[in-house]
1. Is there a residue being closer than 19 Å to Pro157 by Cα, open to solvent by 20 Å² or more (accessible area, probe 1.4 Å) and part of a loop (DSSP other than H, G, I, E, B) anywhere in the range 238-258?
2. Using the structure shown, decide if Tyr304 is touching a residue at least 60 places away in the same chain (Cβ under 8 Å), among the aromatic types (Phe, Trp, Tyr) and farther than 23 Å from Leu93 by Cβ.
3. Is at least one residue of the range 92-102 basic (Lys, Arg), touching a strand residue (DSSP E or B) at 6+ places or on another chain (Cβ under 7 Å) and open to solvent by 40 Å² or more (accessible area, probe 1.4 Å)?
4. Within the range 196-237, restricting attention to residues that are among the charged types (D, E, K, R) and touching a helix residue (DSSP H, G or I) at 6+ places or on another chain (Cβ under 7 Å), which residue is nearest to Ala56 (Cα to Cα)?
5. For the range 309-316, state whether one or more residues are in contact with a helix residue (DSSP H, G or I) (Cβ under 7 Å, 6 or more places away or on another chain) and open to solvent by less than 40 Å² (accessible area, probe 1.4 Å).
6. Looking at the range 43-66, is at least one residue closer than 21 Å to Leu345 by Cβ and open to solvent by 30 Å² or more (accessible area, probe 1.4 Å)?
7. Got a sec? Which of Arg159, Arg172, Arg177 is of a type in the set (Lys, Arg), modelled with pLDDT of 95 or more and on the phi > 0 side of the Ramachandran plot?
Amino acid sequence: MAPGGNDEIAFEENGPAGIITLTREAALNALTHTMINGISSALDRWETDPAIRHIAIRARGRAFSAGGDLLDLYKQGQTGDHHFTFFQDEYRLNACFGIFPKPIIALIDGIVMGGGVGISVHGRYRVMTENAVFSMPEVGIGFFPDVGGSYFLSRLPNRMGLYLGLTGARIRAADARQAGIATHIVCAERLPELEAALAAGGDAGELLERFDQPDTVPDPKLDPNEIERLFSGSTLLEIIDTLENASGDSEVAASALKAIRRAAPLSVAVAFRQIQEGGARSLAECMQMEYRILYRMLQASDFYEGIRAVIVDKTNDPKWRPESLEAVTDESVDAYFRPLGAEELVGVPEAT
């Protein structure tokens, strides 16, 4: 599928650069199965093409990618089609980004959430502009931070991964750079110049260092030491207790506590465990673990209830099962991590 594309995604070759452009701007570049398969095909072609030295992935409109097409997943789920094949292909692609031998440069100029994170954060370079907004908001709709969230969130410093995964908080370029999510910051108006430089040749890493402009965006808003203090508990309920005790004096603690209490309790508990376990697993192992979680969540009620309340009816009144974190049992969380037997995710690319 490269070069070429369709009305959702485009592929081109410009000098030594393979360029992927997400073009579904009216839908905030929410990922479809066609887009996932197209990117996979392009990477397969460019991996063995000696003329292509690096790959840039960019997007039209005000979002890099706001994630997956949740409304489509909701409609399919109502018919009993849980879209397992979509997620299998997406998770394999996420793992491919993490081990791809040529530099992949994500040019993030706008919203990047959920599935959009999966096709950016695992690549070698993540360039953010002053317009970039990062979030993993899945627990707020009864889901969990997938697309390799267990891998990259667990590796962020100062317990920042737990903060982002459990609260769904949005952060901008400077905080993303401080956390290691962004590797470079470039003003949006200079992106065409950067793209031209990548097409002209040269080492991608050296070019990005030349274009890096961290001082052109506002300073980080988050204090890493405060995040670490608030999220250092060894259990989820310990973290909740810390947030409650600090919420009177800390705006960060108060907003984090509010977000966690509003989210699906079982999703929050699963997210806590997956991030804890992800630190000791490879990216491929994390994708296999996440597929086990996904398989169960797509057959439970919270995910569809969350989409109904937030996206379909827009009432923002989800009825979670169970209703509180205190009602979540260890056994109910364990069930999401058990092996799937013949349904396990296979064919996940691994580092050699």
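1. Scanning the range 238-258 turns up no residue that is closer than 19 Å to Pro157 by Cα, open to solvent by 20 Å² or more (accessible area, probe 1.4 Å) and part of a loop (DSSP other than H, G, I, E, B).
2. Numbers: touching a residue at least 60 places away in the same chain (Cβ under 8 Å): yes; among the aromatic types (Phe, Trp, Tyr): yes; farther than 23 Å from Leu93 by Cβ: yes.
Criteria met by Tyr304.
3. So the first thing to find is which residues in the range 92-102 are basic (Lys, Arg), and the list is 92, 102.
Filter once more, so that each one left must be touching a strand residue (DSSP E or B) at 6+ places or on another chain (Cβ under 7 Å): 102.
Retained after the next criterion (residues that are open to solvent by 40 Å² or more (accessible area, probe 1.4 Å)): none.
Looking through the range 92-102, none of the residues is basic (Lys, Arg), touching a strand residue (DSSP E or B) at 6+ places or on another chain (Cβ under 7 Å) and open to solvent by 40 Å² or more (accessible area, probe 1.4 Å).
4. Residues of the range 196-237 among the charged types (D, E, K, R): 203, 206, 209-210, 212, 215, 219, 221, 223, 226, 228-229.
Right, trim to touching a helix residue (DSSP H, G or I) at 6+ places or on another chain (Cβ under 7 Å) and you get 219, 221, 226, 228.
On the way: Asp219: 27, Lys221: 29, Glu226: 35, Glu228: 34 Å.
Only one residue fits best here, namely Asp219.
5. Looking only at the range 309-316, we keep the residues that are in contact with a helix residue (DSSP H, G or I) (Cβ under 7 Å, 6 or more places away or on another chain), and these are 310-312, 315-316.
Subsequent filtering for residues that are open to solvent by less than 40 Å² (accessible area, probe 1.4 Å) retains none.
Within the range 309-316, none of the residues are in contact with a helix residue (DSSP H, G or I) (Cβ under 7 Å, 6 or more places away or on another chain) and open to solvent by less than 40 Å² (accessible area, probe 1.4 Å).
6. Within the range 43-66, one or more residues are closer than 21 Å to Leu345 by Cβ and open to solvent by 30 Å² or more (accessible area, probe 1.4 Å).
7. Values: Arg172 fails: on the phi > 0 side of the Ramachandran plot; Arg177 fails: on the phi > 0 side of the Ramachandran plot.
Selected residue: Arg159, the only one of Arg159, Arg172, Arg177 that is of a type in the set (Lys, Arg), modelled with pLDDT of 95 or more and on the phi > 0 side of the Ramachandran plot.
Rundown of residues vs (1) of a type in the set (Gly, Ala, Ser); (2) more than 29 Å from Tyr304 (Cβ to Cβ), yes/no style:
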site: Ala17; (1), (2): yes, yes
site: Ile52; (1), (2): no, yes
site: Arg58; (1), (2): no, yes
site: Tyr91; (1), (2): no, no
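The values are calculated or read from the model by the stated rules, or taken from the named source; none is laboratory data. Being a predicted model, the structure only gives us computed values, none of them experimental. Glycine also receives a Cβ, built like all others from the backbone with ideal geometry; neighbour counts cover every protein chain displayed. Please note that ligands, DNA and RNA were not included when accessible areas were found on the heavy atoms of the full protein model with its side chains. Shrake-Rupley method; radii C 1.70, N 1.55, O 1.52, S 1.80 Å.
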